[in-house]
Amino acid sequence: MKRLIIIVCIGLLSQQLYGQQRIDNGQDEIKSLIRKGDSNLTGFGSLDFKAGTTKDEMAMLIGVHGGVLIDKHVILGAGAYGWAVKPSFSGVFEGGGQDDLELNGGYAGVLLGYKLFPKSIVHVSFPVLLGGGNVQVIDPNYFFRYDDDTDFSIEQSNFFVADGATQLELNVSHAFRLGIGVGYRYVNGTRLDTLTDEDLSGFYGMVSVQLGYF
């Protein structure tokens, strides 16, 4: 009987010590933003259409962005956009006047963002792109007297861009989302005679089609 009592006491004591060790190990665990065993990394890609004014003319930009989602909330990736419909305008630059000019170019950069309530059917996303781009001013009629008519680039410049948006996204399925939103494109650093930073900056509306494992 005494032997049985001793065995039971030893068992209870061992269980208590093991439980205390687990608690101590949990307290000693290094804390981090992405916890071990709890992180959720998924990938996605999106086709985007942005419509707004450039040089007081309606313009359309088409581009893509993609990357990874961390715990379904944090966005890390990259994006690239270009003017699909070249805005036409009249410009005067050093050396003389030019009519019927066109704008051509695009930009790319690192994409950061955050999604609120991503598991809801309708939720909000805040993507921000930081990067750079290039813009060209083209005279489409420069070689109009020749059979092999081609555009002539009058001037070009690089620039810095910060492009942020607010989107409402609809979870159509686990792998398909639709988004609609508004954004603002801020451009700085252009060195052109016919265009300014303000001409390339402005508000826009956007629609996106997203595929991935959300």
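Looking at 6, 23, 75, 10, can you tell me which residue is at pLDDT 90 or above and either outside any strand (DSSP E or B) or surrounded by 10 or more Cβ atoms within 10 Å (Cβ to Cβ) (or both)? Break it down into steps so the answer makes sense when it comes.
Values: 6 fails: at pLDDT 90 or above; 23 fails: at pLDDT 90 or above; 10 fails: at pLDDT 90 or above.
Within the list 6, 23, 75, 10, the selection yields 75.
Checked against the criterion of being at pLDDT 80 or above and of a type in the set (Asp, Glu), the candidates 94, 57, 29 yield just one match: 57.
Let's see how each residue does on (1) within 19 Å of residue 86 (Cα to Cα); (2) exposed (fewer than 14 other Cβ atoms within 10 Å of the Cβ):
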{"position": "158", "(1), (2)": "yes, yes"}
{"position": "180", "(1), (2)": "no, yes"}
{"position": "183", "(1), (2)": "no, no"}
{"position": "190", "(1), (2)": "yes, no"}
{"position": "200", "(1), (2)": "yes, no"}
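Can you tell me which residue is surrounded by the most Cβ atoms within 10 Å (Cβ to Cβ) among those in segment 99-129 that are among the hydroxyl-bearing types (Ser, Thr, Tyr) and within 10 Å of residue 169 (Cβ to Cβ)? Restricting to residues being among the hydroxyl-bearing types (Ser, Thr, Tyr) and within 10 Å of residue 169 (Cβ to Cβ), the top hit is 125. Counting the residues of segment 180-196 that are at pLDDT 95 or above and touching a Leu at 6+ places or on another chain (Cβ under 7 Å) gives 4.
In the set 135, 172, 209, only one residue is within 17 Å of the chain's Cα centre (by Cα), part of a strand (DSSP E or B) and of a type in the set (Val, Ile, Thr); that residue is 209.
Inclusion of residue 157 among residues that are part of a strand (DSSP E or B), among the small types (Gly, Ala, Ser) and at pLDDT 95 or above is warranted.
The values are calculated or read from the model by the stated rules, or taken from the named source; none is laboratory data. Everything quoted here is computed from the prediction, not taken from an experiment. With ideal geometry, Cβ positions are generated from the backbone for all residues, glycine too; neighbour counts draw on all protein chains shown.
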